[in-house]
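Student: Pasting a structure below so you can have a look.
The values are calculated or read from the model by the stated rules, or taken from the named source; none is laboratory data. Just so you know, these numbers come straight off a predicted model, no measurement behind them. Please note: Cβ atoms are built from the backbone with ideal geometry, for glycine as well, and neighbour counts cover all protein chains shown. Accessible surface areas use protein heavy atoms only, side chains included; no ligands, DNA or RNA. Shrake-Rupley method; radii C 1.70, N 1.55, O 1.52, S 1.80 Å.
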Amino acid sequence: MPLEDIAMRRELMHEVAKRPIDYSLLDIHVVHGVVYLRGIVRKLRGYDADPEQEVETLCRIFRQKPGIRQVVNEVTIRH
């Protein structure tokens, strides 16, 4: 895996950590500028955020990052 992909994944995980969602079962891979989001995202207890909306917001943020060509969202939302 190229060092750029490793650094980008680290940066994207930092963005995910800022959101009020349970991302413990979320997997993020970056391959040549393509971001793959897979796994399960849940609502965090004590927060009123919609996990589906949060994932869409993350995808939008990821697409705006330099070096990202595409975002593949295969996340399952559990409420």
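Student: Could you quote the convex hull projected area for the chain, Cα atoms only and averaged over all directions, in nm²?
Tutor: Mean projected area of the Cα convex hull: 4.7 nm².
Student: Per residue, how much accessible area does the chain show when a 1.4 Å probe rolls over the protein heavy atoms, in square angstrom?
Tutor: 65
Student: Would you work out the relative contact order for the chain, in percent, from Cα pairs under 8 angstrom that are 6 or more residues apart?
Tutor: The normalised contact order for the chain reaches 32 percent.
Student: How much of the accessible area of the chain, probe 1.4 Å, is carbon plus sulfur, in whole percent?
Tutor: 48
Student: Among all stretches of the chain without exposed trypsin sites (Lys or Arg not before Pro) (DSSP loop, at most 16 other Cβ atoms within 10 Å), which one is longest?
Tutor: 19-44
Student: Taking H placed 1.01 Å from N in the peptide plane, check which residues at least 5 places from LEU25 or on another chain put their amide H under 5 Å from its amide H.
Tutor: Amide H neighbours of LEU25, under 5 Å, 5+ apart: ILE40.
Student: Over the alpha-carbon set of segment 37-79, work out the extent along each principal axis and list the three values in angstrom, largest first.
Tutor: Computed over the Cα atoms, the extents are 35, 17, 10 Å.
Student: How much mean residue ellipticity at 222 nm does the chain get from its helices, if each DSSP H run of length 4 or more adds -39500 (n - 2.57) and you divide by all residues, to the nearest 500 deg cm²/dmol?
Tutor: -12000 deg cm²/dmol
Student: What figure in square angstrom, to the nearest 10, would you give for the accessible area of ASP27 with a 1.4 Å probe?
Tutor: In the full protein context, ASP27 sits at about 60 Å².
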